[in-house]
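Participant: Please see the structure below; I have some questions.
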Amino acid sequence: AYAKLGDNVMARSVLNSMLGANNDGDEKMLCHEGIPMTTPTVVTYNTLADACKVAGELGEALEVLQLMKHHASKTGENSVVPDAMTYTILIGTCARKSKQQQQSRDIRSGGERDPDMAFSLLDRMIYDGIKPNGVTYCALI
């Protein structure tokens, strides 16, 4: 639900809870009550990245990529390794304005898009051995 709404903060709170975090220690780490500790998969992380895409939060989406890589290297689980969908979501996020920018009436404050970043992500995807697909190329268009 949070991903569809573009509420990447609350979507992240669900992931935090899945990973076993709680609201006691770090004030910056928001957790969602009632979510049991569960092992996230690539689908979980991709859903969070998509929430960032809907919100237009490229920085947060790139952080999801780093979280995935960290989780995979820490646990040795291949089920959380970024895939074509991960990079396609990130590439698509490059063309989005953040919700904060969308609410602004000043045209100069929003809408700066960075196709170079999208192509850089494509290069990183290929470097990581992930084959782009038709959807990836559509995101670049």
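Participant: Taking 0.36 nm per residue of sequence separation and subtracting the Cα-Cα distance, how much length would be gained by fully extending the chain between D7 and A84, in nm to one decimal?
Facilitator: On the way: separation 77, 0.36 × 77 = 27.72 nm, distance 2.30 nm.
In short, 25.4 nm is gained.
Participant: Quick one: which of 61-71, 45-55, 124-134 comes out on top by average Cβ neighbours within 10 Å, and what's the full order, highest first? Walk me through the numbers on the way to the answer.
Facilitator: On the way: 61-71: 18.4, 45-55: 25.0, 124-134: 12.7.
Highest-to-lowest ranking by the protection proxy: 45-55, 61-71, 124-134.
Participant: Within 10 Å, count the other beta carbons around each residue, average over each peptide in 85-93, 9-17, and list them highest first.
Facilitator: Values: 85-93: 24.6, 9-17: 20.0.
Top of the packing list down: 85-93, 9-17.
Any read-out appearing in this document is the output of simple, stated calculations on the displayed coordinates, not a laboratory observation. What you are looking at is a predicted structure, and each value in this text was computed from that prediction instead of being measured. Don't worry about glycine lacking a Cβ; one is built from the backbone with ideal geometry, like all the others, and counts go over all protein chains shown.
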